[in-house]
1. Taking just the alpha-carbon atoms of region 43-100, what radius of gyration and Dmax come out, in angstrom?
2. Net charge near Ile82, counting Lys/Arg +1 and Asp/Glu -1 over other residues with Cβ under 15 Å of its Cβ?
3. List the residues of region 59-79 whose backbone N lies under 14 Å from a point placed 7 Å from the Cα of Asp99 along the Cα-to-Cβ direction.
4. Asn87 to Gln137: extension gain in nm, 0.36 nm per residue of separation minus the Cα-Cα distance?
5. Filter Lys50/Lys107; Lys107/Lys149; Lys31/Lys58; Lys2/Lys152; Lys50/Lys78 down to the pairs with a C-alpha to C-alpha distance above 21 Å, please.
6. Any idea what log10 I(q)/I(0) is at q = 0.09, 0.12 Å⁻¹ for the chain, Debye with uniform C-alpha scatterers and no solvent?
7. Take every Cα-Cα pair in region 8-90 and report what % of them are more than 17 Å apart.
8. Anything in the chain that counts as a DSSP H helix reaching 20 Å or more along its axis (C-alpha) with Kyte-Doolittle mean of at least -1.0? List them, would you?
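The values are calculated or read from the model by the stated rules, or taken from the named source; none is laboratory data. Every value quoted in this text rests on a predicted model; they were computed, and no experiment measured them. Here the Cβ positions follow ideal geometry from the backbone for every residue, glycine too, while neighbour counts run over all protein chains shown. The protein model used for the area step is the full one, side chains on, heavy atoms only, and it has no ligands, DNA or RNA in it. Shrake-Rupley method; radii C 1.70, N 1.55, O 1.52, S 1.80 Å.
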Amino acid sequence: MKTKILMVCLGNICRSPLAEGILKSKLDPDKYIVESCGTSNYHIGSKPDKRSINIGIKYGIDISNQRAAQFSIDDFEKYDYIYVMDNANYKDITQLSDDIKNRNKVKLILEELHPNDHLDVPDPYYGGEQGFEDVYQMLNKACNNIVIKLEKLS
């Protein structure tokens, strides 16, 4: 049975599609499923932001076939790990379930780099190209640590 990982941001067009693409590129697809979604319904069915697609391409990762989806309460049962990009996403998702098992699946992705600091991956949507580069670098480092953690568990 494959381990299933979900990456979550607000609109599922900037940060979580990049996180999905980065982590997928580092894991064996025979052992892991990585997907992404947003907490909002703003962009359902849309491609990732062109700037996210371009930063992915810069690093050899094609996320252009992804389509935005919205988080559903059923995702708690579907996924083993749920990584959120910021504290607002964390709050939005954990409020959907009173089940401690479900809530424990949800983690801030930057906790993988800075445990207990509760840091957000900044939303680059309203910024320039450098914001997308910065987000890529943060997510790449966090995903490296996730891979190390998953390999220890397997």
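1. 14.1, 41
2. After counting each charged neighbour, the total is -2.
3. 72-79
4. Contour length minus the Cα-Cα distance gives 16.1 nm.
5. Working: Lys50/Lys107 27 Å; Lys107/Lys149 14 Å; Lys31/Lys58 26 Å; Lys2/Lys152 16 Å; Lys50/Lys78 29 Å.
Violating the 21 Å Cα-Cα cut-off are Lys50/Lys107; Lys31/Lys58; Lys50/Lys78.
6. -0.24, -0.44
7. 44 percent
8. The answer, listed by residue number, is 129-153.
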